[in-house]
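**Student:** Structure incoming, see below.
The values are calculated or read from the model by the stated rules, or taken from the named source; none is laboratory data. Since we're looking at a predicted model, the values are computed, not measured. Every residue, glycine among them, receives a Cβ derived from its backbone with ideal geometry; neighbour counts consider all protein chains shown.
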Ligand SMILES: [Zn+2]
């Protein structure tokens, strides 16, 4: 690395005062032009030469003056001829006028820190999509996002991977403010030493953000297994510092998420999450989230998760009257919990997507179609009659439970005939409910359909009795 | 690029420091105040190497503080467009990679990574040639050329390229370790 002893230079030369301001101006002028020269005649010590030329210039005036001057003229000439910024904005081809600069017209595919990521020019334009989670000052043009996605898809599919976007709260973990910890669950922070190992190793008291976080049972196995099939993102409505803390708890080795942690401030629309800030093709993305409404545009990619409520404040927040898991000193079952069952679903979808028997072009496959197909298998073979569920004024096909059951592959009937398997009812006194009992059909509460949606299999009917 | 330059700063000193080691106090405060800071004009002040002069102190009315104009020599680091730097890779993603050369952060986008290097995701994301002979990952040392610089009060950020002759990986942490 070149070290210039400019203090001696300033002392010798009458032109430059040693005042720091003037000196800085001198430095700027000399080196800015030097760097422009470098674009023409790339050279490591160019700046140094330039400064020395200047020194000679003011001295006895040897031959280097001319070379220095001609260099500067050349710079001006080139700068005049090639102004890529203006020619781009007019959409005309760049005028290279024989200069070796050969700057092809740069469309400025992305901007970081106010500079184009491809040509290094200063760019003021604020268009495109911000990708603050990759770099705080990064914006990418739509074309560039499309290009990256296309490139990424090829790469991913070659490695037999898809993309998985994971929500944090209630999906992978549950957090509470320390201040909201109830008396009944205060043992979690006061008697840490006596907690069972499985609980203690997944419970974190984060004093610096005043939170306590409990990871969902099975989450470590889930992430490890899923990471071999998917490139994973975190996408939370929480704020960035919180998201990064959680990422550390889930991924202490930093091998699952890298810079793919998206927080609230990264969304392009308020109160919504969007795949527009995910650098992956939508046809290859699956989402795990406990909240459907935030994914307005991407419901087809969504696998809805049963909410994990460990702390009391979490139950209260969602209006649940029952005791929290923490108060019951209990937890979700590790082997049969939501993450274990959804992992099986993910593995199955992955298998079907990459099925070698499929004859179609892999680039044209759509994981949303596969998800739809797999979902349709859940209640396949079930023929349902609703009674006391759908209000009379409501078009049955538009009712929530009808639509949900249909998505899960069930078929419907209005009469309890031979082919009907299930009568879904809120009231065991209706005529059809009695008929179901008489004719030995399953009589279940509509929550049975919701459970099927979360469990990804037909839940045991006896767990969903219908009371009067 | 490093420069050895003379800068000037007005140093305010509390009267309690007035004594035999006044000069020493001034110097240590100066070091604390300016080393590691950044200015848009000069770049990053790496180290103070000497004191040129300490001017006459000016007593502030009321407080008793005295302001001394201090001229000092220091080594500054400022990257320039066209400069070649050696840097250590800090993060790799599908957009490109980030690297650091001392206090300077540099981003090299995948537009400016040779076309034969492909992004590989996984536990250690990297850019690798198809034959696997060259790999850029976290901790790799690369030689790159600066094509754009932005100097703020606290940081210097650059756009760089390795898509040119004699640029690219110098050492690969995988093979050295
Ligand atoms: Zn550009």
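**Student:** Across segment B:52-96, what is the total count of residues that are free of Cβ contacts under 8 Å to residues at least 40 places away in the same chain and within 12 Å of another protein chain (Cβ to nearest Cβ)?
**Tutor:** 5
**Student:** Also: For segment B:1-40, give me each residue that is touching a residue at least 40 places away in the same chain (Cβ under 8 Å) and in a loop (DSSP other than H, G, I, E, B).
**Tutor:** B:1, B:14, B:18, B:36, B:37, B:40
**Student:** Report, ordered by the first and then the second residue, all pairs with beta carbons closer than 8 Å, sequence separation of six or more or different chains, a first member in segment A:118-144 that is at the interface with chain B (Cβ under 10 Å from one of its Cβ atoms) and without any contact (Cβ under 8 Å) to a residue 12 or more places away in the chain, and a second member that is within 15 Å of the ligand (Cβ to nearest atom) and in a loop (DSSP other than H, G, I, E, B).
**Tutor:** From residues that are at the interface with chain B (Cβ under 10 Å from one of its Cβ atoms) and without any contact (Cβ under 8 Å) to a residue 12 or more places away in the chain, the pairs are A:120/B:81; A:122/A:114.
**Student:** Among the residues of segment A:121-137, write down those that are within 14 Å of the ligand (Cβ to nearest atom) and either in contact with a helix residue (DSSP H, G or I) (Cβ under 9 Å, 6 or more places away or on another chain) or under 14 Å from residue B:110 (Cβ atoms) (or both).
**Tutor:** Passing the criteria: A:121, A:122, A:123, A:127, A:128.
**Student:** Could you tell me which numbered condition residue B:78 fails, if it satisfies all but one of (1) surrounded by 17 or more Cβ atoms within 10 Å (Cβ to Cβ); (2) over 28 Å from the mean Cα position of the chain (by Cα)?
**Tutor:** (2)
**Student:** Given (1) within 15 Å of the ligand (Cβ to nearest atom); (2) modelled with pLDDT under 90, where does residue A:182 come up short, assuming only one miss?
**Tutor:** (1)
**Student:** Then there is this: Check B:152, B:123, B:165, B:116 and return the single one that is surrounded by fewer than 16 Cβ atoms within 10 Å (Cβ to Cβ), more than 8 Å from every other protein chain (Cβ to nearest Cβ) and within 25 Å of residue A:156 (Cα to Cα).
**Tutor:** B:116
**Student:** Output the residues belonging to segment B:1-51 that are within 10 Å of chain A (Cβ to nearest Cβ) and modelled with pLDDT of 90 or more.
**Tutor:** Once the filter is applied, which keeps residues that are within 10 Å of chain A (Cβ to nearest Cβ) and modelled with pLDDT of 90 or more, segment B:1-51 yields B:4, B:5, B:6, B:7, B:8, B:9, B:49, B:50.
**Student:** I want to confirm something. Restricting to segment A:191-236 and keeping residues that are under 22 Å from the mean Cα position of the chain (by Cα) and surrounded by fewer than 19 Cβ atoms within 10 Å (Cβ to Cβ), which single residue is farthest from residue A:309 (Cα to Cα)?
**Tutor:** A:228
**Student:** Kindly establish whether residue A:371 is in contact with a strand residue (DSSP E or B) (Cβ under 8 Å, 6 or more places away or on another chain) and either surrounded by 13 or more Cβ atoms within 10 Å (Cβ to Cβ) or not in a helix (DSSP H, G or I) (or both).
**Tutor:** Taking the combined requirement at face value, the residue satisfies it.
**Student:** So residue B:131 clears everything in (1) surrounded by fewer than 16 Cβ atoms within 10 Å (Cβ to Cβ); (2) touching a residue at least 24 places away in the same chain (Cβ under 8 Å) except one condition, right? Which one?
**Tutor:** Exception for residue B:131: condition (2).
**Student:** Taking the criterion of being surrounded by fewer than 17 Cβ atoms within 10 Å (Cβ to Cβ), at pLDDT 90 or above, more than 12 Å from every other protein chain (Cβ to nearest Cβ) and more than 15 Å from the ligand (Cβ to nearest atom), would at least one residue in segment A:92-106 satisfy it?
**Tutor:** no
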